[in-house]
Structures are given as structure tokens and as C-alpha cells.
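Colleague: Here it is: the structure, laid out below.
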Amino acid sequence: MSKHEAVRVQLEGQLARLLERVGKIEGDLRKAYDRDWQEQAIEVENDEVLKGLDEMTLGEVRRLRGALRRIATGTYGTCATCGGAIGEERLAAIPSAPTCVTCSTERRGSE
Ligand SMILES: [Zn+2]
């Protein structure tokens, strides 16, 4: 058993929940096209919110998939930018963190 088995199970659980949420959001977006134009005016505002959420959710999905890939390839816990150790404490707080604290601070906003 991999030493990251517990993390892998946790990340896969998070990923499954996120994908379920994305499916629901996409279903809501599709429904909007069936309404008449008056209702659509209201729906547009809701869609903007849903799209923003969708993007955030998809970003998180990418992070989780990246972390699962790193566990599979044995590079989990290694910073994707500098190659140093991410650190147990940071991984405990953010299991899907791709970079160490230093690199994450330097690339603020892009993580
Ligand atoms: Zn780093």
C-alpha cells in the first residue's frame, strides 16, 4: 500500500463530490435555454454566478487530479516549481497543494 493511500482516498472522495456538483451546475445551465425570453433575463444573472462557480470548481478538479497523478507517479509531496519538499504541515492543510509555501507565495493568485 502506498504511503499516501489515505490522502489518495481523501482526494478521490473530494473529486467525486466536485464532479457531482459540476454535473448539477451544467444541468442548470442547460435548463435555462428551455425558458421563454422573460425568464431568460432572470436566468442570465444566475448563469453568471453559476459560470463563476463552475470555473472555480473546475480549477479545484484540476488541482485534485494533479495531486492524484503525483501520488500515482510518486512525486506527491514534491514542489512542482522548485522540486523541494512541500512539507507535511502544508499537505495536511491543503492535500492538493502542488507547490511549497515559498513558491505558492511567489506565484500568488495562480495557484
Ligand atoms: Zn517550491
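Colleague: Working only within region 72-93, note down all residues that are open to solvent by 60 Å² or more (accessible area, probe 1.4 Å), among the hydrophobic types (A, V, I, L, M, F, W, C) and either touching a Gly at 6+ places or on another chain (Cβ under 9 Å) or part of a helix (DSSP H, G or I) (or both).
Modeller: Within region 72-93, ALA72, ALA80, ALA85, ALA92, ALA93 meet the criteria.
Colleague: Here is a follow-up. Of the conditions (1) over 22 Å from ALA16 (Cα atoms); (2) part of a loop (DSSP other than H, G, I, E, B), SER96 fails just one. Which one is it?
Modeller: Among (1) over 22 Å from ALA16 (Cα atoms); (2) part of a loop (DSSP other than H, G, I, E, B), SER96 violates only (1).
Colleague: To continue, here is another question. How do the pairs read when you match residues in region 65-89 that are of a type in the set (A, V, I, L, M) with residues anywhere that are part of a helix (DSSP H, G or I), using Cβ under 6 Å and keeping only pairs 6 or more apart or on different chains?
Modeller: These pairs meet every condition: ALA67/LEU11; LEU68/LEU11; ILE71/ARG8.
Colleague: Collect the residues in region 41-71 that are modelled with pLDDT of 85 or more and open to solvent by 90 Å² or more (accessible area, probe 1.4 Å), keeping them in residue-number order.
Modeller: ARG62, ARG65, ARG69, listed by residue number.
Colleague: Say we look at region 20-40 and pick out the residues that are over 30 Å from VAL9 (Cβ atoms) and open to solvent by less than 60 Å² (accessible area, probe 1.4 Å); which of these is modelled with the highest pLDDT?
Modeller: Going through the qualifying residues, I end up with LEU29.
The values are calculated or read from the model by the stated rules, or taken from the named source; none is laboratory data. Just so we're clear, the structure is a prediction, and the values are computed from it rather than from any experiment. Here Cβ is always computed from backbone atoms with ideal geometry, including for glycine, and neighbour counts include all displayed protein chains. SASA here: full protein model, heavy atoms, side chains in, ligands and nucleic acids out. Shrake-Rupley method; radii C 1.70, N 1.55, O 1.52, S 1.80 Å.
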